[in-house]
Amino acid sequence: MRVAILTGASSGIGRATARELARRGYAIALAARREHLLLDAAAEVEELGGRAIAVETDVTDEEAVEALVNRTLAELGRIDVFVGNAGVYQLGRFEDTPPDVFRRVLETNFFGIVNGARAVIPAFRRQGHGTLVLVASLDSHVGAAQAAAYTASKWAVRGFAASLRSELRGSGVHISVVSPASIDTPLFRHAANYTGRAMKALSPVYAPERVASAIARVAERPRREVIVGPMGVVMAVQRTLTPALVDRLFGIQVEHDHFTGGSAPASPGNLFEPVDDGGSASGGFGGRRHTRLRRAALVAAASGAAAATWRART
Ligand SMILES: NC(=O)c1ccc[n+]([C@@H]2O[C@H](COP(=O)([O-])OP(=O)(O)OC[C@H]3O[C@@H](n4cnc5c(N)ncnc54)[C@H](OP(=O)(O)O)[C@@H]3O)[C@@H](O)[C@H]2O)c1
């Protein structure tokens, strides 16, 4: 039985990934702060034929992450895959975002992954194999407006992975970075918000199960980089061709499409303490499970035309 550690397993993409790995017969150490949800997820894993232990863990706590790895080795025997998925979201202009909130986003999204890598790589090296699957974001390929801390944390994850991959060449240890586009999870209900406006997922929204299968695939056949969601692929490619255009259009999209129209009080969301809201995989934003070929071709053609026009003008 292959063994995985999965952080951020209490909701959203993590919850969907726990199910996907269970169907593939994994034994999984499920980690997050909300233990009661980890216990629910563990029961689901067992029903689907996998095996699970629930390990309450705050990924910003280096010793807790080390204890997670040690407990997994003690109870499940080895570790084939470490999925660093735990993460938090933040919206608000840089000047409106409190410094401790900015720092906490980096502590969770980036240093949470660093803590995981530091704890698990020695075990991978002893075994002679292992795969780190790091969940970044489409925002690690673009400059996302009003999310400077989040964007910086996700670019940091990709940079860290690129460097570490070189150091680990030949060791049997692989690193795959999975970058989802906009996904239908409770992330946007958990987020820190300093915009004054209630937020929703950006469109198009994809189902968390799409990310879960991408994670499970690279866990078995590692790839350097995977972007989940066709719109994400188009935007990332286009960002390499016309960075100024993409960043400007993305800024406009955030302004017009990331908010519900209602207001919201300033809040650090689930950054420092977990919140009760949102313990399922879906966030209720209607994520698509499949993309029709015709729609994907239309998006690619429209964005190709926009890039050509922009390049001709500049
Ligand atoms: N949804 C999207 O559109 C989207 C797009 C791109 C990338 N992502 C990335 O996908 C990952 C999963 O997010 P999601 O969309 O599934 O949102 P989510 O439902 O809010 O899940 C986030 C998970 O991280 C855990 N977490 C947060 N802070 C933690 C901490 N300090 N220690 C341990 N666990 C912590 C949460 O559990 P507890 O609160 O119980 O600890 C939860 O299980 C994140 O890295 C996110 O950046 C999401």
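The values are calculated or read from the model by the stated rules, or taken from the named source; none is laboratory data. Note that the coordinates shown come from a computational prediction; the quantities given were computed from them, not determined experimentally. Here Cβ is always computed from backbone atoms with ideal geometry, including for glycine, and neighbour counts include all displayed protein chains. What goes into the accessible areas is simple: the full protein's heavy atoms, side chains included, and nothing from ligands, DNA or RNA. Shrake-Rupley method; radii C 1.70, N 1.55, O 1.52, S 1.80 Å.
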Given (1) open to solvent by 60 Å² or more (accessible area, probe 1.4 Å); (2) β-branched (Val, Ile, Thr); (3) away from the ligand (no atom under 16 Å from the Cβ), residue 173 misses just (1)
Output the residue which, of all residues in the stretch 165-198 that are touching a residue at least 12 places away in the same chain (Cβ under 8 Å) and in a helix (DSSP H, G or I), is farthest from the chain's Cα centre (by Cα). 165
Identify, please: which residue in the stretch 50-69 is in contact (Cβ under 8 Å) with a residue 24 or more places away in the chain and open to solvent by 50 Å² or more (accessible area, probe 1.4 Å) and is, among those, farthest from the ligand (Cβ to nearest atom)? 51
Residue among 147, 162 that alone is among the small types (Gly, Ala, Ser) and in contact (Cβ under 8 Å) with a residue 24 or more places away in the chain: 147
Only unsatisfied item for residue 146, checking (1) of a type outside the set (Phe, Trp, Tyr); (2) open to solvent by less than 10 Å² (accessible area, probe 1.4 Å); (3) on the phi > 0 side of the Ramachandran plot, is (2)
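Residues in the stretch 11-31 that are under 20 Å from the mean Cα position of the chain (by Cα) and open to solvent by 10 Å² or more (accessible area, probe 1.4 Å): how many? Give the derivation first.
At the first step, the residues of the stretch 11-31 found to be under 20 Å from the mean Cα position of the chain (by Cα) are 11-22, 28-31.
The next check asks that each one be open to solvent by 10 Å² or more (accessible area, probe 1.4 Å); those that pass are 11, 13, 15, 19-20.
So the count comes out to 5.
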The stretch 232-267, subset within 14 Å of the ligand (Cβ to nearest atom) and open to solvent by 50 Å² or more (accessible area, probe 1.4 Å), residue farthest from residue 202 (Cα to Cα): 233
Given the residues 152, 216, which is the only one that is open to solvent by 40 Å² or more (accessible area, probe 1.4 Å), touching a residue at least 24 places away in the same chain (Cβ under 8 Å), more than 12 Å from the ligand (Cβ to nearest atom) and out of contact with any strand residue (DSSP E or B) (no Cβ under 6 Å at 6 or more places or on another chain)? 152
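Hey, could you check the stretch 122-136 for residues that are in a loop (DSSP other than H, G, I, E, B) and open to solvent by 20 Å² or more (accessible area, probe 1.4 Å) and say which is farthest from the ligand (Cβ to nearest atom)? Can you show your working first?
Residues of the stretch 122-136 in a loop (DSSP other than H, G, I, E, B): 128-129, 136.
This time we only want the ones that are open to solvent by 20 Å² or more (accessible area, probe 1.4 Å), so: 128-129.
Values: 128: 29, 129: 25 Å.
In this case the residue turns out to be 128.
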Residue list for the stretch 90-99, restricted to those being touching a residue at least 60 places away in the same chain (Cβ under 8 Å) and open to solvent by 10 Å² or more (accessible area, probe 1.4 Å): 93, 96, 97, 98
Output for the stretch 284-314, where each listed residue is within 12 Å of the ligand (Cβ to nearest atom) and either in contact with a Gly (Cβ under 7 Å, 6 or more places away or on another chain) or at pLDDT below 85 (or both): 287
Scan the stretch 178-198 for residues that are among the aliphatic types (A, V, I, L, M), more than 14 Å from residue 87 (Cα to Cα) and either surrounded by 21 or more Cβ atoms within 10 Å (Cβ to Cβ) or near the ligand (Cβ under 8 Å from one of its atoms) (or both) and report the count. 1
Can we say residue 124 is aromatic (Phe, Trp, Tyr), in contact (Cβ under 8 Å) with a residue 12 or more places away in the chain and within 18 Å of residue 267 (Cβ to Cβ)? no
